[in-house]
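J.: Here it is, the structure in full.
The values are calculated or read from the model by the stated rules, or taken from the named source; none is laboratory data. Model, not experiment: these values are computed from the prediction. Note that we place each Cβ from the backbone using ideal geometry, even for glycine, and neighbour counts take in every protein chain shown.
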Amino acid sequence: MTFTAQFDDVLTWSGVSAATPTEEMNGAGNLMDFLDEPFPDVGTYEDFHTIDWLREKSRDTDRHRKITSKSKESIWELIKSLLDAWSGWVVMLLIGLLSGTLAGVIDLAVDWMTDLKEGVCLSAFWYSHEQCCWTSNETTFDDRDKCPQWQKWAELMTGHAEGAGAYVLNYFLYILWALLFSFLAVSLVRVFAPYACGSGIPEIKTILSGFIIRGYLGKWTLLIKTVTLVLAVSSGLSLGKEGPLVHVACCCGNLFCSLFSKYSKNEGKRREVLSAAAAAGVSVAFGAPIGGVLFSLEEVSYYFPLKTLWRSFFAALVAAFTLRSINPFGNSRLVLFYVEYHTPWYMAELVPFILLGVFGGLWGTLFIRANIAWCRRRKTTQLGKYPVLEVIAVTGITAVLAYPNPYTRRSTSELISELFNDCGALESSQLCDYINNSNMSRPVDDIPDRPLALALIFKIVITIFTFGMKIPSGLFIPSMAVGAIAGRIVGIAVEQMAYHHHDWIIFKNWCRPGADCVTPGLYAMVGAAACLGGVTRMTVSLVVIMFELTGGLEYIVPLMAAAVTSKWVADAFGKEGIYESHIQLNGYPYLDVRDEFTHRTLATDVMRPRRNDPPLAVLTQDSTTVEDVETLIKDTDYNGFPVVVSRESERLIGFVQRRDLTLAIKNARQKQDGVVSSSVVYFTEDAPQLLASNPQPLKLRRILNLSPFTVTDHTPMETVVDIFRKLGLRQCLVTRSGRLLGIITKKDVLRHMAQMMNQDPESIMFN
Amino acid sequence: SNLTDVNIGVKTLKCHLWCDFTRNSEDIRCKCICPPYRDIEGQIYNQNVSLKDCNCLHVVEPMPVDGKDVEAYCLRCECKYEERSSDTIKVTIIIYLSILGLLLLYMVYLTLLEPMLKRRLFGHSQLIQSDDDVGDQQPFANAHNVLSRSHSRPNMLNKVEHAQQRWRRQVQEQRKSVFDRHVVLS
């Protein structure tokens with residue numbers, strides 16, 4: 001008995017891992033002993049609840065200690081311990097392989113289906129436009145897109161390639177295909193996996209901070225998200241695939257976690273794997289492994305230990321390598337808009353770059369406010385009752401407005417790629433039609449300002465209504481498109497100014513007449529970075545992603561200038577990026593590490609029960625009956641109950657979770673004889689002294705947390721918020737001179753913070 | 001020279017055995033884009049040559065300029081070596097379309113055919129019993145009923161149906177959270 005007492009002192013959390021030494025020593029034929037067995041499902045969490053980070057960490061330490069101590073016994077145990085240590089790397093490898101494969105499949109399918117809206121390849125129907133004309137010898141310099149094997153629909157159906165009738169027929173079929181794709185996408189999402197809609201990043205951020213959403217990272221969600229992402233992007237809607245690819249990669253991570261009990265049984269360890277999987281997702285979306293790791297560190301993850309850094313990098317590299325070996329774009333590049341020019345930029349150009357940063361910040365603020373207002377309307381009014389109709393309507397409007405403008409007719413990725421490219425002698429893009437060459441005389445009217453400006457306004461407006469619909473939708477690509485168009489317009493303007501006014505002081509030093517001194521493509525890149533930064537408020541990861549995308553290390557300074565400016569301008573209007581705003585809109589219990597709490601309130605101002613509330617629901621250590629406990633559970637919906645010595649002294653013993661109580665009592669009623677409604681429940685080590693006529697008492701010390709976190713009532717809320725953030729607590733007890741006063745839960749903390757920031761405290765929905 | 005002939009022969013034999021599996025001869029190309037030069041208009045040249053032969057002199061045939069202009073012309077041309085895998089593209093698209101087709105068929109079955117079949121087999125009484133979703137036209141609306149009925153025989157078919165009903169209930173819960181109550185993912 002002394003041995004068990006010693007163990008009870010050492011183990012601060014007599015939690016529910018597998019058989020601990022305590023019960024192995026308790027050999028005496030005590031009928032209560034099989035209560036010490038792990039209860040079925042005890043230790044798992046309910047849906048839409050927060051995990052207990054400390055419990056998961058201590059369980060993992062127990063497991064690791066057990067394996068290490070057993071590994072000294074035999075060679076087989078040693079091998080098992082080595083396999084356990086390596087299981088993390090195996091999971092990373094598998095995640096990288098599957099993410100890379102899925103990203104390759106998505107890229108190839110999107111490429112094909114986007115072109116399907118306009119025409120079809122006659123020689124082999126599975127080829128996109130570019131692939132179809134790959135082997136053809138009939139391409140000319142001016143019409144390098146055309147070849148006889150690929151025909152537009154009008155040409156196929158009526159035989160006429162040009163003319164008003166062919167244009168109308170092509171227009172009509174474009175709209176029809178777009179509607180068909182989006183209808184299929186929203187139907188599949190609705191019927192099979194409703195969690196597959198949206199971007200996924202706000203929910204993944206919440207999951208990584210400790211929230212449980214069952215089914216969000218499941219197999220059906222993975223399948224449906226992959227299939228419908230292709231359909232959604234191909235339908236010409238103004239959305240991207242980067243956010244959904246992060247969701248897909250996290251689903252892969254979850255899938256492989258279930259292979260190893262080290263990760264499947266421990267929610268804390270699982271989230272380490274999911275952080276790394278998010279990095280792999282961004283890596284294949286952009287072809288930026290380092291940017292992916294930084295994105296996971298900065299945007300998505302909540303706790304990011306150094307061990308996760310190395311493993312994320314490994315997963316991102318494996319994913320990028322897998323994608324490269326599938327080679328979807330036919331030229332060993334990972335992303336569609338890889339540019340390779342190295343023209344220098346000049347100091348005076350920092351002024352337009354900073355202006356682009358300001359534009360990016362302003363656009364970011366506008367987009368976030370408008371999108372959140374629209375999503376709130378979708379959430380609360382009749383608009384939300386017709387998701388399928390909404391998707392079809394938005395697709396119809398997008399297709400009708402996008403087709404006439406050649407810049408919006410093609411897919412957004414191709415548009416960005418064209419905007420980023422420099423106009424050399426070999427370019428045949430329409431953007432370069434105005435090139436001022438002193439040899440040739442082309443009218444200045446060819447500057448594509450009107451179609452570009454219209455495309456800009458169109459993209460700004462339509463993306464507000466597209467992001468957040470019930471299909472997989474990302475917003476990296478549309479933001480970059482808006483920024484790229486704006487940047488290109490500014491770049492062309494500066495170029496024209498330099499050409500026509502080359503005798504001004506600014507241009508005299510660095511521009512010789514007739515020479516190319518301004519690269520509009522660079523302005524497009526800077527604009528894209530500025531807009532993306534303004535919307536998501538990314539800093540380092542944005543710059544790294546942009547220069548990994550473009551390969552232009554010499555453009556770091558302009559990119560940083562624009563990113564910093566856009567973040568400053570956007571932060572002046574509102575502190576939250578788009579993902580934090582969506583988290584707030586949905587009321588997820590996400591305690592942001594970036595928020596600073598600077599108010600002077602104390603724990604006693606926030607704790608419950610308040611002055612007029614009923615007293616705290618507690619259990620006593622040895623005088624509550626089973627019936628009392630069951631009534632308490634039925635009448636209240638608290639997630640846990642403190643255990644005190646007695647109702648008079650109110651000194652705190654520990655804390656017990658509602659779920660554990662429910663399961664323990666249910667188990668005891670089924671499996672143990674003698675446990676009835678009037679049996680006493682005790683949490684002490686020894687049974688209380690009772691008369692022999694009383695029914696058998698029920699020992700529940702096994703499920704009691706003997707070390708709940710406590711603060712005194714005069715602890716400043718600043719410290720309390722810090723403790724919640726750093727330790728990932730769910731609740732914290734408030735005591736004074738050892739007596740229990742009240743409880744502060746995470747929901748109370750979030751509500752208090754919302755109140756302090758003059759937001760609606762009732763919007764915090766989950767616990 | 002005999003030895004070099006044998007070496008080349010061995011190399012081509014090795015390549016035939018391995019290369020035919022990995023790449024079609026059509027899948028590599030060298031693409032040279034030559035802009036307009038004086039009075040010659042711009043042209044694009046494609047040829048299946050290997051990486052080391054991918055330059056202006058090998059690919060641009062017939063050379064439109066003679067003798068001393070060739071160097072000036074070739075300097076303006078840009079040649080890129082590209083390769084693709086047409087088999088990968090074909091396999092990927094066909095696999096994707098088959099998965100999409102299967103999902104669409106399953107969706108049509110679940111939304112249209114199954115309620116019709118159930119109505120014919122069990123009559124109208126079962127449908128009226130669907131608990132809280134009165135008038136619910138969504139798929140899986142009567143999942144609860146089917147679950148309670150199948151406790152009798154624990155054989156393989158029943159287990160599969162049980163699992164399927166459990167999945168349907170989960171999806172219905174998800175659909176309620178996302179589409180009806182707008183609790184998550186709005």
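J.: Of all residues in the range B:46-93, count the ones that are within 14 Å of another protein chain (Cβ to nearest Cβ), surrounded by 12 or more Cβ atoms within 10 Å (Cβ to Cβ) and part of a helix (DSSP H, G or I).
T.: 13
J.: Let me ask something additional. Residues A:L179, A:L239: which one is closer than 23 Å to A:L116 by Cα, out of contact with any Asp or Glu (no Cβ under 9 Å at 6 or more places or on another chain), surrounded by fewer than 22 Cβ atoms within 10 Å (Cβ to Cβ) and of a type in the set (A, V, I, L, M, F, W, C)?
T.: On the way: A:L239 fails: surrounded by fewer than 22 Cβ atoms within 10 Å (Cβ to Cβ).
Only one candidate passes the filter, namely A:L179.
J.: Related question: Please go through the range A:715-724 and pick out each residue that is charged (D, E, K, R) and either modelled with pLDDT under 90 or in contact with a Phe, Trp or Tyr (Cβ under 7 Å, 6 or more places away or on another chain) (or both).
T.: A:E718 - this is the single residue of the range A:715-724 that is charged (D, E, K, R) and either modelled with pLDDT under 90 or in contact with a Phe, Trp or Tyr (Cβ under 7 Å, 6 or more places away or on another chain) (or both).
J.: Right, next: Going by what's in this entry, would A:G357 be described as surrounded by 13 or more Cβ atoms within 10 Å (Cβ to Cβ), under 23 Å from the mean Cα position of the chain (by Cα), away from chain B (no Cβ under 14 Å) and not aromatic (F, W, Y)?
T.: No: the conditions fail for A:G357.
J.: Within the bounds of the range A:597-608, is there any residue that is crowded, with 20+ Cβ neighbours inside 10 Å, touching a residue at least 24 places away in the same chain (Cβ under 8 Å), part of a loop (DSSP other than H, G, I, E, B) and within 19 Å of the chain's Cα centre (by Cα)?
T.: no
J.: Do we find that A:Y638 is modelled with pLDDT of 90 or more and part of a loop (DSSP other than H, G, I, E, B) in this structure?
T.: no
J.: Does A:F359 fit the bill of being modelled with pLDDT of 90 or more and farther than 30 Å from B:S177 by Cβ?
T.: yes
J.: Of the residues A:G527, A:G533, only one is in contact with a Leu (Cβ under 6 Å, 6 or more places away or on another chain) and closer than 12 Å to A:P352 by Cβ; which?
T.: Step by step, each of A:G527, A:G533 is checked, and only A:G527 is in contact with a Leu (Cβ under 6 Å, 6 or more places away or on another chain) and closer than 12 Å to A:P352 by Cβ.
J.: Related question: A:W150: more than 30 Å from B:V178 (Cβ to Cβ) and within 14 Å of chain B (Cβ to nearest Cβ), yes or no?
T.: no
J.: I would also like to ask the following. Return yes when A:L700 is at pLDDT 85 or above and closer than 30 Å to A:Y588 by Cβ and no when it is not.
T.: no
J.: Taking the range A:508-524, which residues are surrounded by fewer than 21 Cβ atoms within 10 Å (Cβ to Cβ), under 45 Å from the mean Cα position of the chain (by Cα) and in a helix (DSSP H, G or I)?
T.: A:W510
J.: Could you grab me the full set of residues in the range A:723-767 that are within 14 Å of chain B (Cβ to nearest Cβ) and aliphatic (A, V, I, L, M)?
T.: A:I764, A:M765
J.: If you don't mind, there's one more thing I want to ask. Exactly one of these conditions fails for A:L691: (1) aliphatic (A, V, I, L, M); (2) assigned to a strand (DSSP E or B); (3) closer than 29 Å to A:A668 by Cβ. Give me its number.
T.: (2)
J.: Filter the range B:32-44 down to the residues that are under 32 Å from the mean Cα position of the chain (by Cα) and facing chain A (nearest Cβ under 9 Å), then identify the one that is nearest to A:T140 (Cα to Cα).
T.: B:I44
J.: Let me ask you something else. Being within 22 Å of A:D107 (Cβ to Cβ) and within 14 Å of another protein chain (Cβ to nearest Cβ) is the filter here; which residues of the range A:375-426 pass it?
T.: A:N421
J.: Quickly run through the range A:136-158 and pick out the residues that are within 12 Å of A:E118 (Cβ to Cβ) and either in the same structural domain as A:Q430 (by the TED database) or in a helix (DSSP H, G or I) (or both).
T.: A:W153, A:A154, A:E155, A:L156
J.: Which of the numbered conditions does A:V643 fail, given that it passes all the others? Conditions: (1) at pLDDT 90 or above; (2) assigned to a helix (DSSP H, G or I).
T.: (2)
J.: Only one residue in A:A124, A:A161, A:A109 is touching a Leu at 6+ places or on another chain (Cβ under 9 Å) and either closer than 25 Å to A:V391 by Cβ or not in a helix (DSSP H, G or I) (or both). Which one?
T.: Checking each option against the conditions leaves just A:A109.
J.: Please work out which residue is farthest from A:E580 (Cα to Cα), limiting yourself to the range B:143-179 and to residues that are charged (D, E, K, R) and modelled with pLDDT of 85 or more.
T.: First, the residues of the range B:143-179 that are charged (D, E, K, R): B:149, B:153, B:159, B:161, B:166, B:168-169, B:173, B:175-176.
Then keep just the ones that are modelled with pLDDT of 85 or more; that gives B:159, B:161, B:166, B:168-169, B:173, B:175-176.
On the way: B:K159: 43, B:E161: 41, B:R166: 34, B:R168: 32, B:R169: 31, B:E173: 25, B:R175: 24, B:K176: 24 Å.
It comes out as B:K159.
J.: I would also like to ask the following. Among the residues of the range A:193-238, count how many are in a helix (DSSP H, G or I), more than 20 Å from A:V110 (Cβ to Cβ) and within 8 Å of another protein chain (Cβ to nearest Cβ).
T.: 4
J.: Residues of the range A:297-307 being out of contact with any Lys or Arg (no Cβ under 9 Å at 6 or more places or on another chain) and not in a loop (DSSP other than H, G, I, E, B), which ones?
T.: The answer is A:L297, A:E298, A:L306, A:K307.
J.: Right, something else. Pick from A:W112, A:W150: which is of a type in the set (F, W, Y), surrounded by 21 or more Cβ atoms within 10 Å (Cβ to Cβ), within 27 Å of B:I44 (Cα to Cα) and in contact with a His (Cβ under 7 Å, 6 or more places away or on another chain)?
T.: Numbers: A:W112 fails: in contact with a His (Cβ under 7 Å, 6 or more places away or on another chain).
None of the others qualify; the one that does is A:W150.
J.: Taking the stated definitions as given, is A:A320 assigned to a helix (DSSP H, G or I), aliphatic (A, V, I, L, M), more than 12 Å from every other protein chain (Cβ to nearest Cβ) and within 18 Å of the chain's Cα centre (by Cα)?
T.: no
J.: Quick check on this structure: which one of B:D27, B:D53, B:D69 is at pLDDT below 85 and closer than 20 Å to A:Y127 by Cα?
T.: That would be B:D27, the only listed residue that is at pLDDT below 85 and closer than 20 Å to A:Y127 by Cα.
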